[in-house]
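Below is one structure, written out as structure tokens; comments come after it.
The values are calculated or read from the model by the stated rules, or taken from the named source; none is laboratory data. Predicted model only: the values in this text are computed from it and were never measured. Cβ placement follows ideal geometry from the backbone for every residue including glycine, while neighbour counts extend to all protein chains displayed.
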Ligand code: HSE
């Protein structure tokens, strides 16, 4: 492989993402403008990966066990050059929050490394590498956080073997996300799911997925709202999230189009047509968690159309 090295250090913002979008378990995801991790990646002249963090989350520093490190090991294997990477991670997306913390680390590392390597890989290649980080984090390669993190916007993952990623256009959407300060591990939230579904539930679910995608493409907010329904995963997982039903009910009463569990939880997200509604939804969420006495953090943000963003580059 012929690689020209022009850069020695790249800094990226690696954004949070909402996987599943309620009805599309493992196949739909959306990129957010807030929050995002800050990652600095340096080119090394030795074939090694060094992981450092400045955030105090105590994530594994062994690259094979780290969601940013494992994809980079795989890149080094594929390019077979005497280079390596040092990654300095400043996490703003709390691990176990349900807004794609592991995906941000993996996607941010891969996009930065690709840039240091002179952009030799396509977006699809980058998703393939970054998915290795998801396997480290949750035991399963899923791409519904990674794809929107790399492509930006909303993506449909029609298939992961082979990879088939479809960017879905969307109208302007405001997103309110509440993160109750409890941790739900994706691996645990996957373990509790039933392995079989009833045909009648499957029919309702794929009707909703089709409806959501059509609503996004047609800018039909009512159809988007009607389709934000999950009859398979949410009834099981919502038990892990205090106040879930009440939050959903009150947020819809405040004007949200709809919403549900963000990824594997515990965060809950709601979509709104405008900022005023998104802020009213924020108030509704805060009121419930304040009543319950559960510490929480709320973001009001929009759909990030860019994905991982390079914010600084130092040439060699
Ligand atoms: N689709 C995955 C799940 C996303 O719900 O388990 C995890 O962030």
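What to note about this one:
- Residues of the stretch 82-92 that are in contact (Cβ under 8 Å) with a residue 40 or more places away in the chain and part of a loop (DSSP other than H, G, I, E, B): 83, 91, 92.
- Residue that is farthest from the ligand (Cβ to nearest atom) [pool: residues in the stretch 122-136 that are surrounded by fewer than 24 Cβ atoms within 10 Å (Cβ to Cβ) and in contact (Cβ under 8 Å) with a residue 60 or more places away in the chain]: 132
- Counted residues, the stretch 1-26 - those being more than 12 Å from the chain's Cα centre (by Cα), modelled with pLDDT of 95 or more and not in a strand (DSSP E or B): 4
- Members of the stretch 259-279 that are surrounded by fewer than 19 Cβ atoms within 10 Å (Cβ to Cβ) and touching a residue at least 12 places away in the same chain (Cβ under 8 Å): 273, 274, 275, 279
- Within the set 17, 54, the sole residue that is away from the ligand (no atom under 16 Å from the Cβ) and within 24 Å of residue 299 (Cα to Cα) turns out to be 54.
- Considered as a group, the residues in the stretch 93-121 that are out of contact with any helix residue (DSSP H, G or I) (no Cβ under 9 Å at 6 or more places or on another chain) and not in a helix (DSSP H, G or I) include one that is farthest from the ligand (Cβ to nearest atom), and that residue is 118.
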